[in-house]
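Down below is the structure, laid out as structure tokens.
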Amino acid sequence: MVDLHNAGTFNADTGFKAGYLNELEKMIEKVLPNAMLKAKPNLESRIRTLKRDWSIVYDMLSGKNNSGFGWDEHRQLVVAEDAVWNSYISSHKEAAQFRHRSFPYYDQLTAIYAKDRATGKDAQTVADIIEEINVEDVAATNSHEERNDFHGSEADVSLDDMNLSATQPQPEPQLARNQGDSTFSKKKKKISDASDFSTSFNDAAALLAKNIRTVGLEISKSIASEVVIQQKSEMTIQESALKLYPTLCEVEGLTEDERYRTLSKIPDHPTQMLIFFSLPSAVRLEWVRRFLADH
């Protein structure tokens, strides 16, 4: 999400433009090809949860009538005196979870969603966002169940088979309670499944961040090592070039013409120059003449 926001292609005042989930799915698939995370419902559900949690923390720290709350940058944690916490939680039950829980995504999500919480006709409270999320969840659940019910029914039912009477018998109270319990169990299971997915998503994100930091550190070390080696090599070549003419003058049998030709050519071949200085004095004359013949 942060990378997508930094790219700016899908940015909007309320977070992102339509279609951003599909783009986010493609980005995650590149770095986690085996995660099998889809825009809907996986990413949509996780982002909805993150925005809800961020809104709770944001209101504690930036709310109009709130005071006494602070942000511990090191621990990524909301901090306040016990009295402040107790007073706030009494009217904001959803904030209790962050009394001892860190929220490491706060700064990044603030950069993305802070405009959405600005004062004005479009400003939202935590209650607004949670209600909006719950409505979306119920709508998605009902839509899913309706599709299942439709596909599970027989398509060739005729009007004669249907009871169109306006005085259809109502379900017994006990039966209604059983149906209610069944619906509650289904919703509870869905919440549990969503929680499991959220945990898996967090673990995958943490592992990815750790791997990126490790790779980045190794690359930095490698680059630094190469720079040091290159600098040492350049210093050695420069020192050798400064000593080249006096050393050529010491080679017995080398003519003045050979000396100047060598002096003009060998600096263009740093490796050959280093080889020349590594040779014993007795063989340098023969080596220089062969070098001039080849170059």
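At a glance:
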item	result
Filter result (surrounded by 10 or more Cβ atoms within 10 Å (Cβ to Cβ) and part of a helix (DSSP H, G or I)) within region 259-273	Arg259, Tyr260, Arg261, Thr262, Leu263, Lys265, Ile266, Pro267, Pro270, Gln272, Met273
Neighbours by Cβ (under 7 Å, 6+ apart or cross-chain): first from region 18-45, within 15 Å of Leu208 (Cα to Cα) and of a type in the set (Val, Ile, Thr); second surrounded by 13 or more Cβ atoms within 10 Å (Cβ to Cβ) and modelled with pLDDT under 70	Ile28/Ala35
Test: residue in region 61-72 that is closer than 24 Å to Ala204 by Cβ, modelled with pLDDT of 90 or more, touching a helix residue (DSSP H, G or I) at 6+ places or on another chain (Cβ under 9 Å) and outside any loop (DSSP other than H, G, I, E, B)	no
Where a residue in region 236-258 is in a loop (DSSP other than H, G, I, E, B) and its partner, wherever it lies, is of a type in the set (S, T, N, Q), with Cβ under 8 Å and at least six apart	Glu250/Ser281; Val251/Ser281; Leu254/Thr262
Residue match in region 84-97 (condition: in the same structural domain as Arg52 (by TED's automatic domain parsing) and within 26 Å of the chain's Cα centre (by Cα))	yes
Only listed residue being surrounded by 11 or more Cβ atoms within 10 Å (Cβ to Cβ) and small (Gly, Ala, Ser), chosen from Ala293, Ala241, Ala282	Ala241
Subset tally (residues that are in contact with a helix residue (DSSP H, G or I) (Cβ under 7 Å, 6 or more places away or on another chain) and more than 15 Å from Trp54 (Cα to Cα)) for region 73-94	2
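The values are calculated or read from the model by the stated rules, or taken from the named source; none is laboratory data. Just so it is clear, the structure is predicted and the values come from calculations on it, not from any experiment. Virtual Cβ from ideal backbone geometry, glycine too; neighbours counted across all protein chains shown.
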